[in-house]
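S.K.: Before we start, here is the structure in question, set down as structure tokens.
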Amino acid sequence: MNVPYNYLHEEFKNCDDIFDEWKELIQTTDFTLGQYVKEFELIFSNYIGSKYCVSTNNGTDALILALKACGVGPGDEVITVTNTFYATVGAIVACGATPVLVDCDSRYQIDPIAIKRAITTKTKIILPVHWAGASPEMNLVQELAEENNLIIVEDACMGIGASIEGKSPGTFGLIGAFSMHPLKSLNVMGDGGMVVTDDSEIYNWMVKYRNHGMIDRDHIEFWGVNMRIQPLQAIVAKHRMRELDKTIAKRSSNAKYLDDNLKLLSDFITTPKRLDGYQETFALYMCLADRRDDLLHFLTAKGIEAKIHYPVPLHLQRAALNNCKISNNMQEAEMQSKRLITLPVHQYLELSHLKYMVGAISEFYKT
Ligand SMILES: *Cc1c(COP(=O)(O)O)cnc(C)c1O
């Protein structure tokens, strides 16, 4: 049996409804921004529960746009977590600010205690990441931000469709950034991103910066850039939104099956704690495994496409040598980078795939 990690060909098996709307778009020639983008933005902000949103061409630009909107620049420190995707830290560096990397907790989320230790007079932003589509303990992050008068910008790139007590990632701070990359919960057949905020001034600035700082065709208010989403992608997004909750429900039930069954192998495998009231997207299903690299090879040989996210935490990357401040205790992230394994959990897996996977893992540890 094969248990593939990649499911993208399944997702668009039937997309006549998307093609129909693309044909309409082609008639209108609304190829940059325009009504289709507007319509999707409205649907998205309603779904997330934020007053305003601005779509962008990817999640990385969404993060850069959010940080720039807060006035982040040279001399400012931005605290984030070392076990995240490159783009979180790349966005900080792109703004000329200094990334301050801290450790994660046992749920692979940024550790509020580590944030607290890293705060200095130069700290401007706390940038928590909703890693793997799970969420940090945002109430603690919010307390720290309030006590120290810091801004929260959220990297909710994997968090579209997640929630804490019904509240979406991206709505806990001043601005939240999302990605619609093919491997995130909302896949737009290419790149796409979004920022959300409840602050009208920030919104007005972001909407202009995304489009050259323009107020109208002949006038700009300030220098901006082009971060626009493609209308073709906005249409895909609108259609895929209808399936989003169903997708997440299926991924959650797959994850629940894996959690329940891997707990029976707790001598070898550690699953993360799932907090009450936290709905995860399961963008990644991760657990800690003894003899991880051997297990990965064993599973690969059995046709199970497991992965590692990631074997090298960002503070150990060569890129981090010169321009990052690194907290001196990275024990948890370093331990996890040697033990983490990511198992397929996507919405097209059947019970038989899950059983086969659990069976293979037990076989590995029992022989
Ligand atoms: C995917 C991702 C990004 C970047 O998003 P892109 O749309 O690929 O630019 C940033 N941060 C995290 C945590 C991500 O998972």
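S.K.: Calculated from DSSP H runs of 4 or more alone, at -39500 (n - 2.57) each and per residue, what is the 222 nm mean residue ellipticity of the chain, nearest 500?
M.R.: Details: 13 runs with 150 residues, N = 367.
Calculated from helices alone, the mean residue ellipticity at 222 nm is -12500 deg cm²/dmol.
S.K.: Shifting gears a bit: Classify the stretch 60-204 as rounded, prolate or oblate from the Cα gyration tensor: take a ≥ b ≥ c as the square roots of its eigenvalues, call it rounded if a/c is under 1.5, otherwise prolate when a/b beats b/c and oblate if not.
M.R.: Details: a/c = 1.41, a/b = 1.20, b/c = 1.18.
Rounded, since a/c falls under 1.5.
S.K.: Have a look at Leu63, Leu101, Leu296 and tell me which one the Gaussian network model of the chain (Cα, springs below 10 Å) gives the largest fluctuation.
M.R.: In this elastic network of the chain, the residue with the biggest mean-square fluctuation among Leu63, Leu101, Leu296 is Leu296.
S.K.: So what J values fall out for the stretch 172-186 if you push phi through Karplus, 6.51 cos²θ - 1.76 cosθ + 1.60 with θ = phi - 60°, rounded to Hz, Gly and Pro as x?
M.R.: For the stretch 172-186, the Karplus curve yields 8, x, 6, 9, x, 10, 10, 10, 10, 3, x, 8, 9, 5, 10 Hz.
S.K.: Using per-residue counts of other Cβ atoms within 10 Å, averaged over each peptide, order 264-271, 277-284 from highest down. Please report the intermediate quantities before stating the final value.
M.R.: Numbers: 264-271: 14.9, 277-284: 22.1.
Top to bottom by mean Cβ count within 10 Å: 277-284, 264-271.
S.K.: Just need the relative contact order of the stretch 153-273 here, percent rounded to a whole number, with Cα pairs under 8 Å and 6+ apart.
M.R.: Details: 165 pairs, mean separation 21.2, N = 121.
It comes to 17 percent, rounded to a whole number.
S.K.: Give me Arg291, Arg217, Arg339, Arg251 ranked fewest to most by other Cβ atoms within 10 Å of their Cβ, as a rough exposure proxy. Mind dumping the intermediate values first?
M.R.: Numbers: Arg291 13, Arg217 5, Arg339 18, Arg251 22.
Ascending number of Cβ neighbours within 10 Å: Arg217, Arg291, Arg339, Arg251.
S.K.: Of Cys53, Ile115, Pro311, which is farthest on the positive side of the dipole of the chain, counting Cα position, with +1 on Lys and Arg Cβ, -1 on Asp and Glu Cβ, and the Cα centre as origin?
M.R.: Pro311
S.K.: Could you list log10 I(q)/I(0) for the chain at q = 0.09, 0.14, 0.15 Å⁻¹, which the Debye formula gives when each Cα is one point scatterer?
M.R.: With no solvent term, the Cα-only Debye profile gives -0.51, -1.19, -1.33.
S.K.: Still on this structure: With a cap of 16 neighbouring Cβ atoms within 10 Å, and only residues DSSP puts in a loop, list the GluC sites (Glu not before Pro) found in the stretch 197-257.
M.R.: When the GluC sites (Glu not before Pro) of the stretch 197-257 are filtered for loop state and at most 16 Cβ neighbours within 10 Å, Glu221 remain.
S.K.: Nearest 20 debye, what's the magnitude of the dipole of the chain about its Cα centre given +1 on Lys and Arg Cβ and -1 on Asp and Glu Cβ?
M.R.: The calculation lands at about 700 debye.
S.K.: Shifting gears a bit: Give me Phe40, Phe31 sorted ascending by neighbouring Cβ count inside 10 Å, so fewest comes first.
M.R.: Phe31, Phe40
S.K.: Looking only at Ile110, Ile43, Ile326, which one moves most when the chain is put into a Gaussian network model with springs between Cα atoms under 10 Å?
M.R.: Maximum fluctuation in the GNM of the chain, among the listed residues, is at Ile43.
S.K.: Residues in the stretch 184-204 near a label at Phe19, defined as backbone nitrogen under 17 Å from the 7 Å Cα→Cβ point?
M.R.: 189
S.K.: I need Ser55, Ser45, Ser253 ordered by Cβ neighbour count within 10 Å, fewest first.
M.R.: Result, fewest neighbours first: Ser253, Ser45, Ser55.
S.K.: For the stretch 52-131 and the stretch 1-43, what is the separation of their Cα centres, given in Å?
M.R.: 30 Å
S.K.: Cross-link list Lys23/Lys51; Lys167/Lys208; Lys263/Lys307; Lys238/Lys273; Lys238/Lys355; Lys13/Lys208: which exceed 25 angstrom alpha carbon to alpha carbon?
M.R.: Distance filter (> 25 Å) returns Lys23/Lys51; Lys167/Lys208; Lys238/Lys273; Lys238/Lys355; Lys13/Lys208.
S.K.: For the stretch 287-338, calculate the relative contact order in percent as a whole number, restricting contacts to Cα pairs under 8 Å that are 6 or more residues apart.
M.R.: Across the stretch 287-338, relative contact order equals 36 percent.
S.K.: Taking the Cβ of Ala249 as the centre, find all other residues whose Cβ is under 12 Å away and add up their charges (Lys, Arg: +1; Asp, Glu: -1). Spell out each step's value before the answer.
M.R.: On the way: positive: Lys246, Lys250, Arg251, Lys256; negative: Glu243, Asp245, Glu280.
With Lys, Arg at +1 and Asp, Glu at -1, the net is +1.
S.K.: Next up: Kindly write out, for the stretch 259-269 in residue order, the coupling ³J(HN,Hα) from the Karplus curve 6.51 cos²θ - 1.76 cosθ + 1.60 (θ = phi - 60°), rounded to whole Hz, with x marking Gly and Pro.
M.R.: 3, 4, 7, 6, 4, 5, 10, 5, 5, 10, 10
S.K.: How high is the relative contact order of the chain? Use alpha-carbon pairs under 8 Å, at least six apart in sequence, and give a whole percent.
M.R.: Reported relative contact order: 22 percent.
S.K.: I've got another one for you. Using amide H atoms built in the peptide plane, which far-off residues or other-chain residues are under 5 Å from Thr123 H to H?
M.R.: Distant-sequence amide H within range of Thr123: Glu77.
S.K.: From the Cα gyration tensor of the stretch 327-367, with a ≥ b ≥ c the square roots of its eigenvalues, which class applies: rounded if a/c is under 1.5, or else prolate if a/b is larger than b/c, or else oblate?
M.R.: oblate
S.K.: Connecting C-alpha atoms closer than 10 Å in a GNM of the chain, tell me which of Glu24, Glu137, Glu305 has the biggest fluctuation.
M.R.: Glu24
S.K.: Taking a ≥ b ≥ c as the square roots of the Cα gyration tensor eigenvalues, with a/c under 1.5 meaning rounded and otherwise prolate when a/b beats b/c, else oblate, which class fits the stretch 139-218?
M.R.: Working: a/c = 2.77, a/b = 1.17, b/c = 2.37.
Here the stretch 139-218 falls in the oblate category.
None of the figures in this text is laboratory data; all of them are computed from the coordinates on show. Fair warning: this is a prediction, and the values are worked out from it, not measured in the lab. Here the Cβ is made from the backbone with ideal geometry for all residues, glycine too, and neighbour counts use every protein chain on show.
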